[in-house]
Amino acid sequence: YLYAKIGKLLGLSSNNLCIGNVLLEINECRSTNEYAKSLWSKSEPIEGTVVLTDKQTDGKGQIGNKWQSEPYQNLTFSIILKPTFLKPEDQFMLSKIVSLACIETFEHFTEQKFIIKWPNDIYIREKKIGGILIENTINSSQISNSVIGMGLNINQEVFENLPRAISLKTIANKEFDKKEILDLLLKKIDVYYFLLRQGKIKGI
């Protein structure tokens, strides 16, 4: 439905899928962003590659903060992009499209209202449910590559020493299928990324 609706306007079909075509599932790693960036030193990864782990031991947040996540309960992953079409001064557009896709996905599964606390947090009821960390490599006049890390609280119920943290399960009082959420989220990010490639910055 998502692609059928937008495809009429933009000529987009399932064949345009970029994000998530390659999914690397890692049992455990320190940081999915660090793992994703390490791939660049070995080879040139395919754009849209997703690095996913159920156990992130040293997740990164903004300004050196840590992202805490209970193993096997949440979504912790990174997306590798090559937005060479994007000017460095427009790099914040990446944060916009990921954040919009995230709240749309959460609202789809809960029918509740989420907000974006710019530049990188997803909130509901003044509590944080997700965080985004985007690390760009800029060469001269373009962004050569981008690693988009996301930590989303899905089924975790107890947050030690994090009084402002919340999860989808806490909100809806039910267990969620993490794969189902991830699949929809990646599709939505892919649609927004397509719009960005087409220069639809004003619309976004």
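The values are calculated or read from the model by the stated rules, or taken from the named source; none is laboratory data. Just so it is clear, the model here is predicted, and its values are computed rather than measured. FYI the Cβ positions are ideal-geometry reconstructions off the backbone, even for glycines, and counts take in every protein chain you see. Heavy atoms of the whole protein, side chains included, go into the accessibility calculation; ligands, DNA and RNA do not. Shrake-Rupley method; radii C 1.70, N 1.55, O 1.52, S 1.80 Å.
So the values come out like this:
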read-out	value
Selection from SER141, ILE46, THR105 lying farthest towards where the dipole of the chain points positive, charges on Cβ	SER141
Student exercise, the chain dipole from Lys, Arg, Asp, Glu Cβ charges, in Debye to nearest 20	580
Probe 1.4 Å, protein heavy atoms only - accessible area per residue of the chain in square angstrom	52
Mean separation of Cα contacts under 8 Å, 6 or more apart, over the residue count of the chain: relative contact order %	20
Sequence-distant aspartates and glutamates (8 or more away, or on other chains) whose Cα lies within less than 14 Å of LYS37	GLU47, GLU135
Loop trypsin sites (Lys or Arg not before Pro), region 76-128, which have at most 10 other Cβ atoms in a 10 Å radius of their Cβ (DSSP)	LYS113
Accessible carbon and sulfur surface of the chain relative to its total accessible area, %, 1.4 Å	48
Listed candidates (1) 16.3, 49; (2) 17.6, 64; (3) 19.2, 59 - label of the one calculated as Rg and Dmax of the Cα atoms in Å	(1)
Max mean-square fluctuation residue, GNM over the chain, Cα-Cα springs under 10 Å, options GLN68, GLN112, GLN56	GLN112
J(HN,Hα) series, region 172-181, from Karplus relation 6.51 cos²θ - 1.76 cosθ + 1.60, nearest Hz, glycine and proline x	9, 6, 7, 7, 10, 7, 4, 5, 5, 5
Antiparallel DSSP beta bridges within the chain, percent to nearest 5	85
Diffusion coefficient, µm² s⁻¹, Stokes-Einstein with Kirkwood Rh over alpha-carbon pairs of region 147-188 at 25 °C and 0.890 mPa s	212
Sum of -39500 (n - 2.57) over DSSP H runs of 4+, divided by residues of the chain (222 nm, nearest 500)	-10000 deg cm²/dmol
